[in-house]
Amino acid sequence: MTHDAAISKAGAIASQVLAPSAAQNDKAGRFSTEAVQSLGESGLLALLLPANFGGSGLGPRTFAAVTATLAEADASVAMVYLMHVLGTACLSAARPSATPALTPILQEIGAGRHLSTLGFSEAGSRSHFWAPISRAQRNGNGVRISAKKSWVTSAGYAQSYVVSALAPDGAGPTDSTLYLLAAGTCGLSVAGPWDGLGLRANASAPVALEECEVPWEFQLTDDGAGFPAMLNIVLPLFCLGSAAVALGLCRAAVAGTAAHLKNAKFEHLGKSLGESLPTLRAQLAAMQIDTDGLEARIDDLVEHLEKPRETTMLRVLEGKAAAGDVAIGVTSTAMRTCGGAAFSKHLSIERLFRDAHAGAVMAPTGDVLREFIGKSLLGIPLF
Ligand SMILES: Cc1cc2nc3c(=O)[nH]c(=O)nc-3n(C[C@H](O)[C@H](O)[C@H](O)COP(=O)(O)OP(=O)(O)OC[C@H]3O[C@@H](n4cnc5c(N)ncnc54)[C@H](O)[C@@H]3O)c2cc1C
């Protein structure tokens with residue numbers, strides 16, 4: 001699959017599968033299995049997967065464009081997609097001793113029949129996902145894990161979960177290891193409902209692990225090497241993908257607001273809202289300016305990921321922090337510009353506004369990112 005083909009497939013799925021049911025799924029808090037099926041059949045679930053497993057081996061540029069396209073129609077599905085890509089990246093980068101056991105799973109991802117996700121955040125350490133409270137216990141050649149994973153996107157729908165736990169002999173709070181748990185693992189269960197303010201259709205429910213036995217072949221990193229994998233494999237793609245979700249939301253807010261300003265009329269004046277009020281035109285313009293600014297930031301981040309340099313990690317952190325703020329700002333302006341029609345849920349704007357608030361609270365949160373950036377500018381250790 002080429003870059004252009006991937007975007008065109010994402011566009012077709014967005015308009016034919018996601019857009020028609022996004023509002024109903026949001027209202028009902030319903031996970032879209034049809035969306036996942038379409039993404040699998042189109043090859044998009046294997047977008048970044050190497051060709052030897054049946055993937056397209058494409059990079060961050062295509063990933064960002066596809067994710068933004070999906071988010072424009074339904075940010076819940078885009079987030080499911082993002083977490084799957086991250087889970088897949090962890091499997092692809094697993095240590096060589098795991099390859100024989102992971103190969104059939106990676107081939108299933110290549111065939112579009114397997115959805116993965118990440119279970120890093122824990123109830124005890126909250127948004128500080130880099131410091132799991134749970135600790136893997138040695139169990140023969142493998143380990144046994146009990147953990148309270150606080151939010152896991154696609155909980156109950158994914159076929160596999162990439163989870164973190166402190167290494168059996170880890171000395172510090174970040175000495176974690178990553179493991180793969182198949183959905184049917186004994187002791188793994190969805191531990192509660194998902195009824196979020198936004199991203200309501202992505203099943204980000206808590207997951208309990210009770211004495212889950214993990215064979216050694218499903219240990220993805222060396223003991224204690226989970227933290228570097230989180231930083232080097234997961235963080236750049238997560239920050240890029242979150243920024244792309246934010247961009248999709250902003251684009252949808254601009255389009256929805258423009259449509260409303262064109263279609264809604266002051267009948268007594270014989271003009272549309274947009275023709276009547278310069279303030280509304282100025283607000284729409286401000287939304288467009290911020291959306292284009294975010295797009296340029298994402299392009300810059302993609303270039304940094306394609307050609308890594310000294311400033312790449314800074315751009316990664318900035319990308320998610322800025323995108324979260326831009327999405328909240330643009331969708332808030334859309335709410336004000338569309339007035340009572342948006343407030344009373346006659347338009348999709350209020351869904352975008354609610355969905356946009358997830359980015360800033362998903363870890364690393366916007367606050368934590370600013371804290372990291374500030375510390376790094378001052379030469380203070382981050383952890
Ligand atoms: C829709 C959704 C989907 C999710 N999906 C997943 C998933 O698939 N996998 C997964 O592992 N997790 C997932 N999460 C969890 C997410 O990544 C965060 O861990 C979670 O949102 C943290 O919420 P909290 O209330 O526990 O944060 P808290 O840690 O209690 O934070 C509360 C506030 O304190 C601020 N804060 C915390 N630490 C600092 C600091 N050091 N400096 C400055 N401010 C700070 C935060 O920014 C926040 O404003 C998901 C969350 C949501 C909302």
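Helix 235-263 and the long axis of the chain differ in direction by around 20°, with both axes built from C-alpha atoms.
If the segment from D169 to S276 were pulled out straight at 0.36 nm per residue, it would be longer than the present Cα-Cα gap by 31.7 nm. With all protein chains in place and ligands, DNA and RNA left out, the 1.4 Å accessible area ranks W216, W151, W194, W130 as W151, W216, W194, W130, largest first.
Longest stretch of the chain clear of exposed loop sites (GluC sites (Glu not before Pro), DSSP loop, at most 13 other Cβ atoms within 10 Å, sites excluded): 1-266. Only lysine pairs 8 or more places apart, or on different chains, with alpha-carbon atoms under 23 angstrom apart are counted in the chain, and they number 7. Would you be so kind as to identify which of F343, G374, A358 lies farthest towards the positive end of the dipole of the range 289-377, taking Lys and Arg as +1 and Asp and Glu as -1 on Cβ and the Cα centre as origin? Farthest along the dipole direction, towards plus: F343. Estimated at the nearest 10 Å², the accessible area of V245 is 10 Å² with a 1.4 Å probe. Taking the centroid of alpha carbons for each part, the range 214-233 and the range 1-20 are 33 Å apart.
Hand me the trypsin sites (Lys or Arg not before Pro) from the range 311-350 located in a DSSP loop with no more than 12 other Cβ atoms within 10 Å, in residue order please.
Counting only loop positions with at most 12 other Cβ atoms within 10 Å, the trypsin sites (Lys or Arg not before Pro) in the range 311-350 are K345.
A dipole drawn for the range 136-240 from +1 and -1 charges on Cβ atoms has a positive end, and of G226, P236, N139 the residue lying farthest that way is P236. Taken about its Cα centre, the range 248-383 carries a charge dipole of about 400 debye when Lys and Arg each add +1 at the Cβ and Asp and Glu each add -1 at the Cβ. For the chain, the longest principal axis of the C-alpha atoms and the axis of helix 75-92 are separated by about 30°. Simple spin-label estimate for E267 and E41 gives 4.4 nm between the two label positions (7 Å along the Cα-to-Cβ direction from each Cα). H346 exposes around 140 Å² of accessible area when a 1.4 Å probe is run over every protein chain in place.
Global dimensions of the chain from alpha-carbon coordinates: Rg and Dmax equal 21.1, 79 Å. In terms of Cα atoms, the Rg and Dmax of the range 257-383 work out to 18.5, 63 Å. From the Kirkwood radius over Cα pairs of the range 1-156, Stokes-Einstein at 25 °C and 0.890 mPa s returns a whole-number translational diffusion coefficient of 147 µm²/s.
Subtracting the Cα-Cα distance from 0.36 nm times the residue separation, let me have the gained length for T2 to T312 in nm, one decimal.
109.1 nm
Look at the dipole of the chain built from charges on Cβ: of V214, A253, A171, the Cα furthest out on the positive end belongs to A253.
Derived scalar couplings between HN and Hα for the range 43-48 equal x, 6, 5, 10, 4, 9 Hz in order, rounded to whole Hz, by the Karplus curve 6.51 cos²θ - 1.76 cosθ + 1.60 (θ = phi - 60°), x for Gly and Pro.
Were the residues from N139 through F343 laid out at 0.36 nm apart, the gain over their Cα-Cα distance would be 68.0 nm.
Against the chain, whose longest principal axis is taken from its Cα atoms, helix 278-306 shows a tilt of about 30°. For the range 6-48, trypsin sites (Lys or Arg not before Pro) meeting the loop criterion (DSSP other than H, G, I, E, B) and having at most 10 other Cβ atoms within 10 Å: none.
Once both labels are positioned 7 Å from their Cα atoms along Cα-to-Cβ, the gap between D367 and N232 label points is 3.1 nm. Across the chain, Cα pairs under 8 Å and at least six residues apart give a relative contact order of 16 percent.
Computed about the Cα centre, the dipole magnitude for the range 306-383 is approximately 120 debye when only Lys and Arg (+1) and Asp and Glu (-1) carry charge, each at its Cβ.
Output the antiparallel fraction of DSSP beta bridges having both residues in the chain, as a percent to the nearest 5.
85
Work out the P(r) tail for the range 182-320: percent of alpha carbon pairs separated by more than 19 Å, whole number. Mind dumping the intermediate values first?
Numbers: 6789 of 9591 pairs.
Every Cα pair in the range 182-320 considered, those over 19 Å come to 71 percent.
Remark: the range 1-93 carries a charge dipole of roughly 100 debye about the Cα centre, counting +1 on each Lys and Arg Cβ and -1 on each Asp and Glu Cβ.
The values are calculated or read from the model by the stated rules, or taken from the named source; none is laboratory data. Quick caveat: nothing in here was measured; it's all calculated off a predicted structure. So basically every Cβ, Gly included, is an ideal-geometry build from the backbone, and we count neighbours across all protein chains shown. The accessibility values were calculated without ligands, DNA or RNA, using every heavy atom of the protein model including side chains. Shrake-Rupley method; radii C 1.70, N 1.55, O 1.52, S 1.80 Å.
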